[in-house]
2 protein chains.
Amino acid sequence: MATIQVREYNLERTLGAIRSSGPSTTSELTRATGLSRPSINSLVSELVGLGWVDVVEPVLDGQGGRPPQRFAFRSRAGLLVGLDIGVHRISVLLADLDGTVLVDHQVAVDPTLAPPERLGAIDQTLREALAEHGASPQDVWAVGAAVTGPVDATGRTSLFSPLPGWTDVDLVGHLSATFPCPVSVENDVKLALLAEHAWGAAQGADDVVYILAGLRTGAAAFVNGVLVKGHAGAAGEIGRLPVVRWKKAIGILRGDDAGDDELDVDAAAASTTFETARRGDPGARRLVREYARAVATGASALVLTLDPEVVVLGGGSTPWADLWVPEFSAMVGRSVIRMPDVRVSTLGGDHVARGAVRLAMSQVESSHLTGGIRPARARLTDADEGAAQPVAT
Amino acid sequence: MATIQVREYNLERTLGAIRSSGPSTTSELTRATGLSRPSINSLVSELVGLGWVDVVEPVLDGQGGRPPQRFAFRSRAGLLVGLDIGVHRISVLLADLDGTVLVDHQVAVDPTLAPPERLGAIDQTLREALAEHGASPQDVWAVGAAVTGPVDATGRTSLFSPLPGWTDVDLVGHLSATFPCPVSVENDVKLALLAEHAWGAAQGADDVVYILAGLRTGAAAFVNGVLVKGHAGAAGEIGRLPVVRWKKAIGILRGDDAGDDELDVDAAAASTTFETARRGDPGARRLVREYARAVATGASALVLTLDPEVVVLGGGSTPWADLWVPEFSAMVGRSVIRMPDVRVSTLGGDHVARGAVRLAMSQVESSHLTGGIRPARARLTDADEGAAQPVAT
């Protein structure tokens with residue numbers, strides 16, 4: 001029994017080395033894992049047989065040399081779905097097992113849709129994305145979905161949601177009726193941070209505060225390299241405290257104190273204020289400064305509480321970061337005892353859906369770790385071998 | 001090599017089972033670890049040989065039955081030191097490897113002492129505590145020390161400390177000159193939480209907010225079962241944000257707004273207000289209510305940020321918890337979206353020093369895990385076998 005466990009552990013180590021380093025030779029894998037050459041040969045053969053690894057034959061160099069074979073992760077063995085259920089928009093990304101986006105499909109929806117109609121629109125968007133790739137739900141290895149509001153262990157937003165009637169929706173149950181694979185749901189701000197940690201401004205940092213600065217102001221955090229979910233999934237909601245002023249932040253840009261109702265936020269008014277400030281208008285510049293200070297109040301509380309290495313700013317206000325982030329940073333700097341590195345997100349508007357892809361990826365990875373490495377071929381269809389076209393993200 | 005690793009892993013599993021379950025028979029260890037009987041026999045023999053485990057011979061039952069031998073963790077194989085360097089007081093606990101307190105020694109010190117004199121007082125207090133037990137620094141396996149202020153990776157409080165001149169003190173270097181064993185330093189509020197998690201109101205909870213409510217108001221947290229230290233050790237300092245009102249909290253009980261200087265806090269005035277409130281005085285009750293609300297403002301921010309399972313209240317104000325905790329809880333309940341369980345500490349006034357003992361324990365435990373299981377006998381002296389008297393804590 002101990003022997004089998006060591007074998008599985010070594011299979012995972014070898015697969016992990018191939019995934020993290022890209023196509024690798026036997027010698028490279030020997031160095032990366034510390035295992036012997038005969039062990040690596042045997043482990044790689046097994047991974048090829050299971051469908052997780054492809055042999056990349058060398059290109060002869062024409063000088064009689066014989067470059068070694070390389071072994072590559074078979075990222076096209078399955079698909080991941082990243083779904084972002086927004087108030088105004090439903091986004092679906094299809095990605096390979098490395099998280100490379102293959103399809104990006106979005107539809108606008110009426111913010112007042114009741115749950116049955118919204119679930120219908122979700123299903124339709126998913127069908128269209130799969131059709132665009134010539135794939136079926138059986139080709140999907142894991143689904144990650146983003147919703148607004150604290151997500152509990154069952155994937156419900158039972159505490160609150162800005163979507164009408166959504167607190168009673170069993171999204172995992174609904175999606176599982178279509179997808180015979182793991183389905184996970186998480187809060188949208190937490191998923192935006194997951195994307196930043198995997199591919200964006202938070203890469204390599206173990207202690208991170210993420211602030212979504214847009215039509216809503218929200219927060220999420222990594223502590224000791226792990227996402228802070230909270231006991232019932234309700235972490236990151238500091239913005240609900242009135243002294244923190246986040247509920248009013250976006251309203252400041254419109255020159256009023258409203259903006260509590262997320263279904264009725266006027267994005268154009270905020271953009272106009274930013275643009276007017278950019279042209280030097282003193283009144284607009286004053287509003288932008290006030291906005292920066294409102295965002296900074298909550299950020300200071302988070303920085304003092306968690307002492308992060310990095311604060312990442314994401315969301316709809318980041319295109320105007322040059323106008324408000326200097327004031328934001330100055331204000332945080334005056335309040336905290338150690339100033340973190342402040343970085344503006346470089347991921348695009350699909351950062352939440354990218355985070356949902358990352359959530360799906362981690363489902364596939366943890367199923368290696370808890371279930372041992374299973375055959376990948378069982379889930380293979382012709383579609384995976386087809387004309388998958390990477391889409392710029 | 002894989003075989004040796006499995007052997008060490010199984011040694012640690014077996015020792016872990018003995019430590020967590022108490023004196024155990026071979027059959028019990030077989031069930032607890034899933035290992036075979038011959039494996040357990042061999043592993044236990046090795047642990048006895050290394051000095052970590054004692055054989056407890058059965059007491060014959062007088063009916064011809066022969067109860068099995070038991071194997072017990074040899075908690076007296078070494079000593080742990082827990083040191084609390086307070087503004088007004090230095091406390092030293094000596095404990096066995098299970099954290100049972102054997103000696104509790106405290107001395108009052110002048111709050112204005114300069115570093116050399118304070119280090120001299122610390123050395124003297126440590127010498128007296130060891131002498132009380134007939135032990136020497138060589139009998140100590142790990143030292144944990146508590147100081148006020150954010151503690152960086154070198155054990156310094158370089159960002160700030162209420163102790164005069166203390167930001168430049170190399171406490172680890174100073175103590176290492178006396179103790180030839182691992183020495184760790186941590187912030188006092190974080191150590192109070194460590195003690196609550198090991199032995200107090202936070203046992204078994206992975207997500208905890210701890211609030212020190214006393215002459216100072218401070219915070220610490222567990223997230224995902226791990227202490228939140230922050231990137232540079234400065235987590236938990238939310239009380240420095242003026243809107244949080246913690247710096248002024250204790251001053252409220254004196255009817256003023258001072259109380260920023262931790263060297264000059266009047267504990268008697270706060271106690272008097274609590275006692276007057278207990279006798280029903282309306283003015284004092286109003287001050288206590290206001291104090292509860294000030295503590296609750298920061299607590300609400302922490303609960304919204306971290307969504308803990310439990311909030312533990314510790315510190316000097318807890319003897320009057322019945323007077324202020326109901327108002328505190330009501331106020332937090334109105335601000336947060338999910339109310340955690342609020343618990344008042346049941347550990348005594350030495351909770352910080354107890355946390356320092358826990359820190360020392362974890363040093364010994366992690367040296368098993370990272371260094372393999374080493375002989376325990378090498379560090380053994382006659383003193384360990386002597387008249388160690390558990391002291392009520």
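Some notes on this structure:
- Hits in region A:18-31 - residues which are part of a helix (DSSP H, G or I) and either modelled with pLDDT of 90 or more or under 15 Å from residue A:55 (Cβ atoms) (or both): A:18, A:26, A:27, A:28, A:29, A:30, A:31
- Residue ID - nearest to the other protein chains (Cβ to nearest Cβ), chosen from residues in region A:305-314 that are touching a residue at least 12 places away in the same chain (Cβ under 8 Å) and surrounded by 23 or more Cβ atoms within 10 Å (Cβ to Cβ): A:307
- Of all residues in region A:339-365 being within 17 Å of residue A:94 (Cα to Cα) and among the polar types (S, T, N, Q), the one that is nearest to the chain's Cα centre (by Cα): A:362
- So residue A:12, is it part of a helix (DSSP H, G or I) and in contact (Cβ under 8 Å) with a residue 60 or more places away in the chain: yes
- Residues satisfying the stated conditions in region B:271-290, i.e. touching a Gly at 6+ places or on another chain (Cβ under 9 Å) and closer than 21 Å to residue B:344 by Cα: B:271, B:273, B:277, B:287
- Those residues of region B:318-347 which are within 14 Å of chain A (Cβ to nearest Cβ), in a helix (DSSP H, G or I) and not hydrophobic (A, V, I, L, M, F, W, C), in sequence order: B:333, B:334, B:335
- In the set (1) crowded, with 24+ Cβ neighbours inside 10 Å; (2) in contact with a Phe, Trp or Tyr (Cβ under 8 Å, 6 or more places away or on another chain), the condition left unmet by residue A:205 is number (1).
- Checking each residue in region A:222-246 for being of a type in the set (Val, Ile, Thr), surrounded by fewer than 22 Cβ atoms within 10 Å (Cβ to Cβ) and either more than 10 Å from every other protein chain (Cβ to nearest Cβ) or under 17 Å from residue B:307 (Cα atoms) (or both) picks out only A:226.
- Any hit, region B:326-341, residues being in contact with a helix residue (DSSP H, G or I) (Cβ under 9 Å, 6 or more places away or on another chain) and under 19 Å from residue B:82 (Cβ atoms): no
- Only listed residue being touching a residue at least 60 places away in the same chain (Cβ under 8 Å) and either more than 30 Å from residue A:188 (Cα to Cα) or within 14 Å of another protein chain (Cβ to nearest Cβ) (or both), chosen from A:93, A:50: A:50
- For region B:279-304, the candidate set comprises residues that are out of contact with any Ser or Thr (no Cβ under 9 Å at 6 or more places or on another chain) and of a type in the set (Lys, Arg); within that set, the residue that is nearest to the other protein chains (Cβ to nearest Cβ) is B:293.
- Subset of region B:62-77 (residues that are surrounded by fewer than 18 Cβ atoms within 10 Å (Cβ to Cβ) and over 28 Å from the mean Cα position of the chain (by Cα)): B:62, B:63, B:64, B:65, B:66, B:67, B:68, B:69
- The set of residues from region B:32-51 being in a loop (DSSP other than H, G, I, E, B) and touching a Ser or Thr at 6+ places or on another chain (Cβ under 8 Å) comprises B:35, B:36.
- The residues on offer are A:59, A:53, A:48, and the sole one that is under 37 Å from the mean Cα position of the chain (by Cα) and more than 21 Å from residue A:11 (Cβ to Cβ) is A:59.
- Here residue A:288 meets each of (1) at pLDDT 95 or above; (2) within 27 Å of the chain's Cα centre (by Cα); (3) outside any strand (DSSP E or B); (4) hydrophobic (A, V, I, L, M, F, W, C) with one exception, condition (2).
- Some residue of region A:140-151 being assigned to a helix (DSSP H, G or I), within 14 Å of chain B (Cβ to nearest Cβ) and not charged (D, E, K, R): no
- Scanning region B:200-221 for residues that are within 12 Å of chain A (Cβ to nearest Cβ) and in contact with an Asp or Glu (Cβ under 6 Å, 6 or more places away or on another chain), we see that the one that is farthest from residue B:301 (Cα to Cα) is B:205.
- Test: residue in region A:52-61 that is in a strand (DSSP E or B) and not aliphatic (A, V, I, L, M): yes
- The combined condition, being within 19 Å of residue B:229 (Cα to Cα) and either in contact with a Lys or Arg (Cβ under 9 Å, 6 or more places away or on another chain) or in the same structural domain as residue B:213 (by TED's automatic domain parsing) (or both), is fulfilled by residue B:194.
- Scanning region B:92-110 for residues being out of contact with any Ser or Thr (no Cβ under 8 Å at 6 or more places or on another chain) and either on the phi < 0 side of the Ramachandran plot or basic (Lys, Arg) (or both) gives a total of 8.
- Every test in (1) within 19 Å of the chain's Cα centre (by Cα); (2) farther than 17 Å from residue A:189 by Cα; (3) modelled with pLDDT of 95 or more is passed by residue A:177 save one, and that test is (1).
- Within region A:4-17, restricting attention to residues that are more than 28 Å from the chain's Cα centre (by Cα) and surrounded by fewer than 16 Cβ atoms within 10 Å (Cβ to Cβ), the residue that is modelled with the highest pLDDT is A:8.
- The test for being over 29 Å from residue A:341 (Cα atoms) and of a type in the set (Lys, Arg) does not hold for residue B:240.
- Of everything listed in (1) touching a strand residue (DSSP E or B) at 6+ places or on another chain (Cβ under 7 Å); (2) at pLDDT 95 or above, the single unmet condition for residue B:320 is (1).
- All conditions in (1) within 14 Å of chain B (Cβ to nearest Cβ); (2) more than 25 Å from residue A:294 (Cβ to Cβ); (3) touching an Asp or Glu at 6+ places or on another chain (Cβ under 8 Å) hold for residue A:155, with the sole exception of (1).
- For region A:135-152, the criterion of a residue being closer than 16 Å to residue A:353 by Cα and either without any contact (Cβ under 8 Å) to a residue 60 or more places away in the chain or not assigned by TED's automatic domain parsing to the domain that holds residue A:359 (or both) is satisfied by at least one position.
- Residues of region A:100-122 include none that is touching a Gly at 6+ places or on another chain (Cβ under 7 Å) and under 16 Å from residue A:181 (Cβ atoms).
The values are calculated or read from the model by the stated rules, or taken from the named source; none is laboratory data. This is a predicted model, so every value here is computed, not measured. For neighbour counting, all protein chains shown are included, and Cβ atoms are generated from backbone atoms with ideal geometry for every residue, glycine included.
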